[in-house]
Every structure is written in C-alpha cells, then in structure tokens.
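Q: Starting off with a structure, shown below.
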Amino acid sequence: MKIEGQHYRTIWSEGETVLVIDQTKLPHQFAVVAWRNVEDAAQGIRSMVVRGAPLIGAAAGYGMALAMKADPSDESLAQAYDLLVQSRPTAVNLRWALDRMSGHLKSLPPEERTAAAYREALSIADEDAENCSLLGEHGLFLLRELWNHLGQQRPLQVLTHCNAGWLAAVDWGTALAPVYKAFDAGIPIHVWVDETRPRNQGASLTAWELAHHGVSHTLIADNTGGHLMQHGMVDLCIVGSDRTTAAGDVCNKIGTYLKALAARDNGVPFYVALPFSTIDWRIQDGLKEIPIEERSSDEVTHITGRTAGGEVVTVTIAPPGSQAANFAFDVTPARYVTGLITERGVCAASAEGLTRLRNRSLQP
C-alpha cells in the first residue's frame, strides 16, 4: 500500500533491525518503530502495535530472528518460542509461524541460525503478501459476478467489520484485498465500515487505509449493519478471521457473529477471507476449542481521540466503579458463512470444502 506516494509493508527489516508500523498511533499519527530484540517483538504483539492474524505470524517470524541475533543456542530458541507464543492466544498464525521457524532452525548448527532466521522470516512475509494478493484475485471474481448480476447500475455495497486490510497482513490484507482489487479494476465500490468497539479498529485503521487507497467508504456504529441490511443497503459482507477450524467455524473480532446472523436473516451473502495459514487443522468445533482472548477492561471503559486543538488524549467513558468485560473475539459457526475466500480459491465453509482446496495448488 502507498502512504503519501511511498509503498510500505507493515513489517520489514533493515540490516538486523525489524521495523513495523505502530498501529496504536493510527489514525492520528503515522509512526514506524524499531524492534531490536525478541522482547520488543513480544511486547509489540501483546500491546497490538502490530495486530491481525497474518501480520502476527510474520511478526513472530521476525521475533525469532531477533532472538537468534542475540543468541543462536538451542536454549535461546526454546525461550524465544515460549515468550512469543504467549503474546496473543487466539490467532493461530502465531503458533504456525513459530513452529515453522523453530523446525527450520533446529535443523541447522547455531552459527548458521541468525542469517537463516532472517531469510525464513522474510519468506513468511513474502508468502503472506503474495497469498493475500491471490486471495484478492479470487475475491475480485466474486465481486465482479455480483456487480454484473446487479446490472452495473450502482456501486457495489460491502460491509466489513474490524480491520482485515493491509494493516492486518504484510500487504493487501484479507477481507479488503478483494475490495482493493475491485477498485483497481474499475468496479465502483462503497464500503460500510463498522467502527468496531472496543479499540475502534474500523474507525482508526480500516477507514484510514481505505481513504489512502481512494475507496469510497462510510463509517458506521457497530449496531447499524442490521438496519442497513434490512433496507437493502448491503450487497455482501466480507470479514477476516483470526482462526478458522478444519470444519469451517470462524473466530474473528467480537461482533462478527452478530453480523453473520443479520446477514442470514436478510439473505445477504456473508464471506470470510483468510489465508490458509489461519486454518487450525487440529480442531473442529470453534465454540468449544478456540481460546477466546480476554483483554484489559480499559479498552472498554476508555477511548482515545484527537481534540479540536489537535491533542491526542484518552478519556474515560464509563462511570467510576463500573466493571467491564472485554472478550476480544467471537465464533461464527460455519452454517452462517456463505463461503471462504483463500489464496487457493473460494470454498464452502465445511471440512469437505477446505480439504478440497487444501489439495489444490496455488493458482493466480
């Protein structure tokens, strides 16, 4: 994606230093921060300086590289794995990337591990960018078909939840990759952007990156989506996923399940876009088997914004003494998902659909 005419990925390395876009500063400040050790990476993942399942995986890969730079021993490798794997519990890409890095590095003598770790981390990042681009191409086919079906008389209306765009991956994104591909292909498209409380990733991140790409969009309160669907103002929903089971259940930002219910009630297609690295092939039942992260209550009771004078401040929006619960994710059962959009194609949200795509080679 380009910011002020310059192309950026969300994570990259310069020498042995890892650089990331600090998403906690957006949309009020575009800042790049440097990670110089594995502790920086773990804290960056934990505090959501970087977030989004695909990006968390890439960040974990670079975190392992930073650990090997400091100490390429077996003990350091195991300690880095344990530190990073505990940084965020829900997104499966984290463990997937760590298993990949650890398996590769264990096969090498310590003196070769640092250089190999940086190469493998870059490979994970490159593959994610390419997979998200391919995913976007498959999603573009769906969007073009729907726009043609509607007679090409008006812009295509898409509703999304949270941020599953460029900022949630290394490049292109997941749910927004088809939107960007459609926009670039000349298909008129408009995006309804849920603000996505708490943390406001829709308002702070999705709206910000759509604006930079030039995509027409409207920010809405989280509970507006059902109303829009009832009045025929949404043609389809596309969301991302932090973990998808082998049977097609989808775990995503809290509130996704309610959007799926509204979409089903109003006959609106509900698609989930995800790279294959987000599928947890070990589990079947998302409600019973996916750990749901519970984050600080401050994310519910406080909100950050910019004053009329330009100062960025955090204020309390709840009365003193009120307790708050902060479940970060919910699970949408496969039966409410119209289809899964992946880098290998589009399939039904089912074990059969996913297995069929798993056996298919990547196709542009």
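Laboratory data are not the source of any read-out in this text; all were calculated from the coordinates shown. These numbers come from a predicted model, not from an experiment. With ideal geometry, Cβ positions are generated from the backbone for all residues, glycine too; neighbour counts draw on all protein chains shown.
Q: Per residue, how much space in cubic angstrom lies within the convex hull of the C-alpha atoms of the stretch 262-323?
A: Numbers: hull volume 15.3 nm³, N = 62.
Once divided by residue count, the hull of the stretch 262-323 is 247 Å³.
Q: What fraction of the Cα pairs in the stretch 131-260, stated in percent, has a spacing above 19 angstrom? List each step's numbers first, then the result.
A: On the way: 3789 of 8385 pairs.
Tail fraction, whole percent: 45.
Q: At q = 0.09, 0.11, 0.14 Å⁻¹, what base-10 log of I(q)/I(0) does the Debye formula yield for the stretch 2-127 when every alpha carbon is treated as an equal point scatterer in vacuo?
A: -0.22, -0.33, -0.53
Q: Magnitude of the Cβ-charge dipole of the chain, K/R +1 and D/E -1, about the Cα centre, nearest 20 debye? Working shown, then result.
A: Numbers: 31 positive and 41 negative charges, 150 e Å.
That gives a dipole near 720 debye.
Q: Report, in debye and to the nearest 20, how large the dipole of the stretch 2-127 comes out about its Cα centre when Lys and Arg carry +1 and Asp and Glu carry -1 on their Cβ.
A: Working: 13 positive and 16 negative charges, 96 e Å.
So the dipole magnitude of the stretch 2-127 works out to roughly 460 debye.
Q: Give me the Kirkwood hydrodynamic radius of the stretch 60-163, using the inverse of the mean 1/r over all pairs of distinct Cα atoms, in Å to one decimal. Display every interim value, and only then the final one.
A: Details: mean 1/r = 0.0618 Å⁻¹.
Radius from the Kirkwood sum: 16.2 Å.
Q: Show me, for the stretch 174-182, the HN-Hα J-couplings you get by feeding each phi into the Karplus relation (A = 6.51, B = -1.76, C = 1.60, θ = phi - 60°), rounded to Hz, glycine and proline as x.
A: Each residue of the stretch 174-182 in turn: 10, 4, 8, 4, x, 5, 5, 5, 5 Hz.
Q: Provide the per-residue ³J(HN,Hα) series for the stretch 90-104, in order, calculated from phi with Karplus coefficients 6.51, -1.76, 1.60 and θ = phi - 60°, each as a whole number of Hz, with x at glycine and proline positions.
A: Rounded to whole hertz, the list is 8, 5, 6, 4, 4, 5, 4, 5, 5, 5, 5, 5, 4, x, 5.
Q: Restricting the count to DSSP beta bridges whose residues both fall in the stretch 135-358, what percent are antiparallel, rounded to a multiple of 5? Mind showing how you got there, number by number?
A: On the way: 15 of 35 bridges.
The answer is about 45 percent antiparallel.
Q: At a temperature of 25 °C and a viscosity of 0.890 mPa s, determine how fast the chain diffuses translationally according to Stokes-Einstein, using the Kirkwood radius over alpha-carbon pairs as Rh; express D in µm²/s, rounded to the nearest whole number. Present the calculation step by step, with values, prior to reporting the outcome.
A: Values: Rh = 20.7 Å.
So the translational diffusion coefficient is about 118 µm²/s.
Q: Shifting gears a bit: Could you give the length gained on full extension between residue 154 and residue 308, defined as 0.36 nm per residue of separation minus the Cα-Cα distance, in nm?
A: Numbers: separation 154, 0.36 × 154 = 55.44 nm, distance 3.61 nm.
Extending this stretch completely gives an extra 51.8 nm.
Q: Return the calculated 222 nm mean residue ellipticity for the chain, to the nearest 500 deg cm²/dmol, obtained by summing -39500 (n - 2.57) across DSSP H runs with n ≥ 4 and dividing by the residue count.
A: My calculation for the chain gives -12000 deg cm²/dmol from helical runs alone.
Q: Sticking with this structure for a sec: Net charge within 15 Å of residue 185 by Cβ-Cβ distance, Lys/Arg positive one each and Asp/Glu negative one each, not counting residue 185 itself? Kindly include the intermediate steps, with their values, before the conclusion.
A: Working: positive: 144, 181; negative: 137, 145, 184.
In short, -1.
Q: Please give the contour-minus-distance gain from residue 358 to residue 108: 0.36 nm per residue of separation, less the Cα-Cα distance, rounded to one decimal in nm.
A: Numbers: separation 250, 0.36 × 250 = 90.00 nm, distance 2.91 nm.
In short, 87.1 nm is gained.
Q: Next up: Please identify the trypsin sites (Lys or Arg not before Pro) of the stretch 1-93 that satisfy two criteria: DSSP loop assignment and at most 16 other Cβ atoms within 10 Å. Which are they? Display every interim value, and only then the final one.
A: Details: sites: 2, 9, 25, 36, 46, 51, 69; in loops: 9, 25, 36, 51.
Taking the stretch 1-93 and a limit of 16 other Cβ atoms within 10 Å, the loop trypsin sites (Lys or Arg not before Pro) found are 25, 36.
Q: With charges set only on the Cβ (+1 for Lys and Arg, -1 for Asp and Glu), what does the dipole of the stretch 281-364 come to about its Cα centre, in debye to the nearest 20?
A: On the way: 9 positive and 10 negative charges, 111 e Å.
The calculation lands at about 540 debye.
Q: Ranked from highest to lowest mean number of other Cβ atoms within 10 Å per residue, what is the order of the peptides 138-150, 156-168, 79-91? Walk me through the numbers on the way to the answer.
A: On the way: 138-150: 17.1, 156-168: 27.2, 79-91: 19.5.
Per-residue Cβ counts within 10 Å, averaged per peptide and sorted highest first, yield 156-168, 79-91, 138-150.
Q: Exposure proxy check: 249, 171, 40, 74 ranked by fewest other beta carbons within 10 Å?
A: 74, 40, 171, 249
Q: At 0.36 nm per residue, and after removing the present C-alpha to C-alpha distance, how many nm does the segment from residue 212 to residue 318 gain when stretched out fully? Could you put the intermediate results ahead of the total?
A: Working: separation 106, 0.36 × 106 = 38.16 nm, distance 3.30 nm.
Between residue 212 and residue 318, full extension yields 34.9 nm more.
Q: Quick one, what does Rg over Rh come out to for the stretch 231-280 if you take C-alpha atoms and the Kirkwood Rh?
A: On the way: Rg = 11.5 Å, Rh = 11.5 Å.
Answer for the stretch 231-280: 1.00.
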